[in-house]
Amino acid sequence: MSIGLATLLQRMTCKVIAGTLDVHITSVEFDSRKVREGSLFVAIKGFTSDGHDYIEKAAAAGASCIVADLDREKHGDEELKAISEQYGCTVIAMKDSRKAGAELCAAFYAHPEDRLDLVGVTGTKGKTTITFMIHDILDRAGRSNGLIGTVCNMIGGEKRTTSHTTPESHEIYEILDELARKNFDSCVMEVSSQGLKMDRVYGLRFDVGCFTNLYEDHIGGDEHPDMEDYIRCKLRLFDNSRIAVVNRDCNVADRVIEYAAARCPVYTYGMSENCDCRADNLRSERRGSVTGTVFDLESPWYSGDVFVALPGKFNVYNALCAIVVAGILKIDFKFVKEALADTFVPGRVQPVPNDLDITVLVDYAHNAASLENVLSTLRDYTSGRIISVFGCGGNRSATRRFEMGEVSGRLADHTVITSDNPRKEDPMLIIENIVTGMKRTDGEYEIEPDRKEAIRKAIQMARPGDTVLIAGKGHEDYQIFADKTIHFDDVEVAAEILRAKEAQS
């Protein structure tokens with residue numbers, strides 16, 4: 001793929017520092033390590049590094065064009081002219097190179113989102129689950145679709161690893177372009193507050209933009225200075241959405257609806273009377289080896305009973321959001337119900353099937369708030385005991401360990417304290433911190449540093465009607481120690497132990 005630089009820039013404003021616009025571009029890159037012959041390298045200033053420091057490296061690697069920020073703090077025009085002369089590349093400057101980079105990607109790939117139904121989901125909680133639900137509904141309806149998110153990126157059934165919830169804009173456009181070229185018709189993506197703040201989705205047009213909820217999270221450090229900045233960043237999703245979907249029951253609903261309604265039509269979901277899509281009469285139900293929730297649905301598109309193969313009221317909210325999107329995209333109710341009845345999200349209260357009448361769930365809960373949320377939810381779905389298995393990561397706050405120990409001691413009937421990703425810390429010292437919090441309660445507990453053995457102990461002690469929650473790592477398939485990283489998947493381990501227990505019964 002190749003496009004002339006002059007053509008690429010025809011709707012943009014730039015300052016030509018050196019060279020000519022009569023060159024061809026073969027890729028748009030934000031990482032100098034990925035630059036190859038003919039690339040356009042966009043120098044972006046980040047939190048921890050400045051892309052301008054890698055301009056010469058990109059030029060030496062064969063970049064046809066370098067894009068610098070017009071308001072950069074270093075690397076003056078004369079220095080850039082010297083790099084241009086030495087390596088024979090064009091150097092231009094554009095206002096806000098990060099936004100300019102997104103516009104360049106859109107132009108380079110000819111706005112592939114215009115050939116897809118693109119759904120974006122933002123909010124503190126629920127993004128991953130909702131995107132997987134929508135993906136499953138579209139797949140069940142025969143729609144060829146992709147997914148961009150925290151757990152993985154998906155091109156149809158092909159899973160690809162990812163390092164960011166919302167990738168940089170050039171990665172997003174590469175994925176959307178691949179989907180469009182392969183004649184896929186839709187894509188659903190998680191849109192993080194950082195992705196919005198850092199303009200990773202700048203200029204991207206969403207057919208449907210969804211807002212789930214807002215909780216205090218991602219405040220401080222290199223993220224958001226306060227909650228006001230946090231919500232303002234999330235609201236940006238609606239600046240370029242054709243239809244908005246909003247959780248009417250969330251604590252900032254009025255503000256979100258007001259902002260979105262000034263820009264596009266809005267549909268709401270929830271459990272209160274004035275929601276467009278509403279769930280009522282929630283009740284837990286076990287179908288086969290899966291414990292989930294049944295509810296009565298009323299909406300402009302569908303009505304009737306719906307079973308969600310995930311426990312908890314919060315997963316009903318997630319399902320409602322997915323249902324509204326399905327309605328907007330004109331998906332038959334049959335496919336919506338079928339998909340939600342057996343949907344699962346890797347590492348998000350993910351059930352591990354068995355024939356022992358034991359509920360075994362793997363969840364990413366890795367702080368006190370998320371652990372409390374899932375354990376409190378499971379109480380309503382468990383006729384027997386709740387057995388919790390978790391550890392805490394190394395090189396992290398000891399306070400988190402005290403808090404998680406206290407939560408599990410208070411809400412679980414029995415806890416097996418184990419190792420998570422100890423990294424460079426002694427696993428036993430981490431466990432001691434967890435025990436400190438556990439001792440603030442009357443909860444039963446035992447210690448097993450070997451995570452596989454800890455999972456085995458929990459499952460072996462479980463009786464029919466019990467729930468085993470394996471928390472902390474979720475979709476992660478590795479375990480990090482001081483001297484090595486090993487493959488470790490909680491779901492794989494639990495499934496193996498359950499098969500052995502079934503064979504004995």
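The values are calculated or read from the model by the stated rules, or taken from the named source; none is laboratory data. Remember, it's a predicted structure, so these values are computed and weren't measured experimentally. We place every Cβ from the backbone using ideal geometry, glycine too, and count neighbours over all the protein chains shown.
Looking only at the stretch 249-269, residues that are in a strand (DSSP E or B) and hydrophobic (A, V, I, L, M, F, W, C) come to 1 in all. Among the residues of the stretch 102-144, those identified as more than 30 Å from Glu228 (Cα to Cα) and not in a helix (DSSP H, G or I) are Tyr109, Ala110, His111, Leu116, Asp117, Ala141, Gly142, Arg143, Ser144. For the stretch 393-424, residues that are out of contact with any helix residue (DSSP H, G or I) (no Cβ under 9 Å at 6 or more places or on another chain) and either buried (at least 19 other Cβ atoms within 10 Å of the Cβ) or outside the structural domain of Asn373 (by TED's automatic domain parsing) (or both) total 1.
Of the residues making up the stretch 145-166, at least one is touching a residue at least 40 places away in the same chain (Cβ under 8 Å), part of a loop (DSSP other than H, G, I, E, B) and hydrophobic (A, V, I, L, M, F, W, C).
Within the stretch 212-233, not a single residue is in contact with a Gly (Cβ under 7 Å, 6 or more places away or on another chain) and not in a loop (DSSP other than H, G, I, E, B). Selection of first residues in the stretch 225-242 that are in contact (Cβ under 8 Å) with a residue 60 or more places away in the chain and of second residues that are surrounded by fewer than 17 Cβ atoms within 10 Å (Cβ to Cβ), restricted to Cβ pairs under 6 Å at least 6 apart or on distinct chains, gives the following pairs, ordered by first then second residue: Ser241/Cys264. Of note, Lys439 satisfies the criterion of being basic (Lys, Arg) and either free of Cβ contacts under 8 Å to residues at least 24 places away in the same chain or in contact with a Gly (Cβ under 9 Å, 6 or more places away or on another chain) (or both). Take the conditions (1) within 25 Å of Gly120 (Cβ to Cβ); (2) surrounded by fewer than 19 Cβ atoms within 10 Å (Cβ to Cβ); (3) of a type in the set (A, V, I, L, M, F, W, C); (4) touching a helix residue (DSSP H, G or I) at 6+ places or on another chain (Cβ under 6 Å); Phe307 misses just one of them, which is (1). In the stretch 57-73, the count of residues that are in a strand (DSSP E or B), touching a residue at least 60 places away in the same chain (Cβ under 8 Å), closer than 29 Å to Gln194 by Cβ and not hydrophobic (A, V, I, L, M, F, W, C) is zero. May I ask you to verify whether Val188 is outside any helix (DSSP H, G or I), crowded, with 24+ Cβ neighbours inside 10 Å and either more than 13 Å from the chain's Cα centre (by Cα) or of a type in the set (A, V, I, L, M) (or both)? So Val188 passes the test. Among the strands (runs of 3 or more DSSP E) confined to the stretch 270-377, the ones with at least 3 residues that are touching a Gly at 6+ places or on another chain (Cβ under 8 Å) are located at 277-287, 290-298. Checked against (1) among the polar types (S, T, N, Q); (2) free of Cβ contacts under 8 Å to residues at least 60 places away in the same chain; (3) out of contact with any Phe, Trp or Tyr (no Cβ under 6 Å at 6 or more places or on another chain), Thr467 passes all but a single condition, namely (2). The test for being in contact with a helix residue (DSSP H, G or I) (Cβ under 8 Å, 6 or more places away or on another chain) and in the same structural domain as Phe390 (by TED's automatic domain parsing) does not hold for Ala319.
Filtered by the rule that a residue be among the hydrophobic types (A, V, I, L, M, F, W, C) and more than 33 Å from the chain's Cα centre (by Cα), the stretch 66-92 gives Leu80, Ala82, Ile83, Cys89, Val91, Ile92. If you filter the stretch 191-215 down to residues that are closer than 13 Å to Ile148 by Cα and of a type in the set (A, V, I, L, M, F, W, C), you find that the one that is surrounded by the most Cβ atoms within 10 Å (Cβ to Cβ) is Val191.
Determine which single condition Thr415 fails, assuming it passes every other condition in (1) β-branched (Val, Ile, Thr); (2) under 24 Å from the mean Cα position of the chain (by Cα); (3) under 21 Å from Val374 (Cβ atoms). Tallying (1) β-branched (Val, Ile, Thr); (2) under 24 Å from the mean Cα position of the chain (by Cα); (3) under 21 Å from Val374 (Cβ atoms), Thr415 fails exactly one: (2).
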